[in-house]
Amino acid sequence: MEIETRIGDILSPTLKLMGYDLVRVHISGTQQKTMQVMVERRDGAGMTVDDCADISREVSVILDVESPLKDAYDLEVSSPGIDRPLVRPVDFERYAGFDAKIEMEAAIDGRKKFKGQLLGIEQGLVKIRFNEETHELPVSGIRRAKLLLTEELLKSACQTAKG
């Protein structure tokens, strides 16, 4: 994870100047590595193929100069999509009211997996409710989190796309 954070720190200033926010950098694969750079537009508009192509060109130049990975890799630039991963604290606040799935590094209240309605984040604790029970999960202990594709999320995405 350390290398992904370092790459994110290298790329973020340029992406911001271009009008984008970095959502995450994810490196996968063992023999043939893939570096996924997930971004979203700062103006809230949807990502286009042209956006991804522009970002790919800029990011490739930066990565060629900085060489953060010693092994060969394929670069993949993508948008978070509708059922996006929740990575940054702002994501948990921004998508409060929608359903999400959260997996923890260590058990909380006897379990590692939680699914329910996001209620936001306060003082580093993500609040999620399922069946009238609210859980407070430390954001620092989250392994993986993502929105669930629901009718409400689709409606919201369509309204955002229409402006």
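Taken together, the values in this text are just the output of simple stated rules run on the coordinates, not laboratory data. From a predicted model like this one, the values you see are computed outputs, not experimental measurements. Quick reminder, even Gly has a Cβ in these numbers, built from the backbone with ideal geometry, and neighbours come from all protein chains shown.
Here's the picture: a label point sits 7 Å out from the Cα of residue 65 along the beta-carbon direction, and within segment 1-27 the residues with their amide nitrogen under 11 Å of it are 14. Cβ crowding within 10 Å, taken as a proxy for footprinting-reagent exposure, orders 82, 121 from fewest neighbours to most as 82, 121. To the nearest ten degrees, helix 49-66 and the longest principal axis of the Cα atoms of the chain are 70 degrees apart. Applying 1/(1 + (r/R0)^6) with r as the Cβ-Cβ distance of residue 34 and residue 107 and R0 = 35 angstrom yields a FRET efficiency of 0.70. Is the chain best put as rounded, prolate or oblate by its Cα gyration tensor, with a ≥ b ≥ c the root eigenvalues, rounded for a/c under 1.5, and otherwise prolate when a/b is larger than b/c, oblate when not? Oblate, since a/c reaches 1.5 and b/c is not below a/b.
To the nearest ten degrees, helix 2-18 and the longest principal axis of the Cα atoms of the chain are 80 degrees apart. Each label was represented as a point 7 Å from its Cα along the Cα-to-Cβ direction; for residue 151 and residue 72 these points are 5.0 nm apart. Between the Cα long axis of helix 151-162 and the first principal axis of the chain there is an angle of about 40°, rounded to the nearest 10. Farthest toward the positive end of the dipole of segment 89-162, out of 157, 92, 128, is the Cα of 157, where the dipole comes from beta carbon charges about the Cα centre. Residues considered: 39, 139, 65. Largest GNM mean-square fluctuation over the chain, using C-alpha springs under 10 Å, is found at 65.
Result for the chain in a Gaussian network model with C-alpha springs under 10 Å: among 21, 71, 51, the largest mean-square fluctuation is at 71. Footprinting exposure proxy ranking of 129, 143, fewest other C-beta atoms within 10 angstrom first, gives 143, 129. Neighbour counts of other Cβ atoms within 10 Å put 20, 95, 73 in the fewest-to-most order 73, 95, 20.
Put simply, the amide H of residue 98, placed in the peptide plane, has neighbours under 5 Å in 118, leaving out anything fewer than 5 places away on its chain.
If R0 is 22 Å, the Cβ-Cβ spacing of residue 158 and residue 49 corresponds to a FRET efficiency of close to 0.65.
Around the amide H of residue 75, modelled in the peptide plane, lie the amide H atoms of 35, all under 5 Å away and 5 or more residues distant in sequence or on another chain. Each Lys and Arg contributes +1 and each Asp and Glu -1, all at the Cβ; summed about the Cα centre of the chain, the dipole is approximately 340 debye.
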